[in-house]
1. Under the rule of -39500 (n - 2.57) per DSSP H run of 4 or more residues, summed and divided by the residues of the chain, what mean residue ellipticity at 222 nm is obtained, to the nearest 500 deg cm²/dmol?
2. Averaged per residue, what accessible area in Å² does region 151-302 show with a 1.4 Å probe, protein chains only?
3. Which value in Å does the Kirkwood hydrodynamic radius of region 1-160 take, with 1/r averaged over all unlike C-alpha pairs and then inverted?
4. Evaluate the distance, in nm, between pseudo-label points positioned 7 Å from the Cα of ASP168 and of GLU262 along their respective Cα→Cβ axes.
5. Under a no-solvent Debye model with one identical scatterer per Cα of region 274-318, what's log10 I(q)/I(0) at q = 0.31 Å⁻¹?
6. In Å³ and rounded to a whole number, note down the convex hull volume per residue for the Cα atoms of the chain.
7. Pick out, from LEU284, GLY259, LEU299, the residue whose Cα sits farthest towards the positive end of the charge dipole of region 227-309, with +1 on the Cβ of Lys and Arg and -1 on the Cβ of Asp and Glu.
8. Hey, rough spin-label estimate for PHE25 and GLU290, points 7 angstrom out along Cα→Cβ, what's it come to in nanometres?
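The values are calculated or read from the model by the stated rules, or taken from the named source; none is laboratory data. A quick note: this is a predicted structure, and the numbers were derived from the prediction, not measured. So basically every Cβ, Gly included, is an ideal-geometry build from the backbone, and we count neighbours across all protein chains shown. Quick note on the areas: whole protein, heavy atoms, side chains included, nothing else; ligands and nucleic acids left out. Shrake-Rupley method; radii C 1.70, N 1.55, O 1.52, S 1.80 Å.
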Amino acid sequence: MSFEIIGTGRGLPEQIIENQRMAEFLDTSDEWIVSRTGIRSRRVCRTETATDLAVTAAEQAMKKAGVLPAELDLILCSTIGGDYVTPSLACCVAGRIGATCPSMDLNAGCVGFLYSLSMAAAHFDSGRAEKILVIGLERMSSWVDWNHRSICVLFGDGAGAAVLGKGDSLRYLHLGTEGDPTPLNRPISIGNNPFTDRPPVPEVLHMDGRRVFKFATRVLEAEITRAFKQTGFSSEDIDLFLIHQANGRIVDYVREKLGQPEEKFPKNVMRYGNTSSASIPILLDELLEEGAVKPGQTLFLSAFGAGLTYGSAILNWK
């Protein structure tokens, strides 16, 4: 027993920040950002909370799936931070939509959506669930340093959701961790503890862009090689590659390595920037809305992120 995705949704802030706006207070330009990342704009919360975005995505996915809150057996939210350290974002979503099932958060950086799919698959396999809601939510505008031009221009806010039901769509899933926090991390404050010798640190995202880029291209190539070796699939068997939308150059690098056409590697990073664990479900929801994903197609999903984490999945779309 595996699962199939029976409904998707997305929640995005109304406010759109184009590169020109960033150039008003940073030493940067539209040309500098686009040439290095492919990003032209991103969504940034003005009044929306993390819970607002997650609930919007969840309600859309549930409506498309025809699933009521009372039918959910589990809610999983992948996020590096909701509106509270505790309670979890998943609990906040459950309260807003009227669900009473077990609800919890999972933090695996930008790979969180794939980690959540793995956890969901285990619940289906053990017979403990028939309907599971998975949400990827990131409000990156709260965690970046808006004075650091090489970091803040990369990220955006958003949520993507999927309702999973029993099925056999999952053909392959692999996850991994290198366990190195130094290239990408966000520290937590020590508060006002009078008994520690640790100095306070800013609670902003720290990233070594070059190291992350090298890690991403290396593990994506390795993930594809591993998946094809274990499943017998080839690049030609995959209809769409849904790669984590961190940087357009990374997606292009993988595509060129495989010698595949652009239409098999859809991108929305130019509109949203890097929405971390929300990027793959947002992209999937947009593709479904456009009619670009059709029954019988084979999808390859892959992501990399803080941890350092990585993973990939192959789905046969029903």
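1. Values: 10 runs with 106 residues, N = 318.
So the helix-based figure for the chain works out to -10000 deg cm²/dmol.
2. Values: 6890 Å² over 152 residues.
On a per-residue basis, region 151-302 sits at 45 Å².
3. Averaging 1/r across every pair of different Cα atoms and inverting gives 16.6 Å.
4. 3.9
5. Per q value, in the given order, log10 I(q)/I(0) is -1.17.
6. 140
7. Selected residue: GLY259.
8. With each label point 7 Å from Cα toward Cβ, the separation is 3.2 nm.
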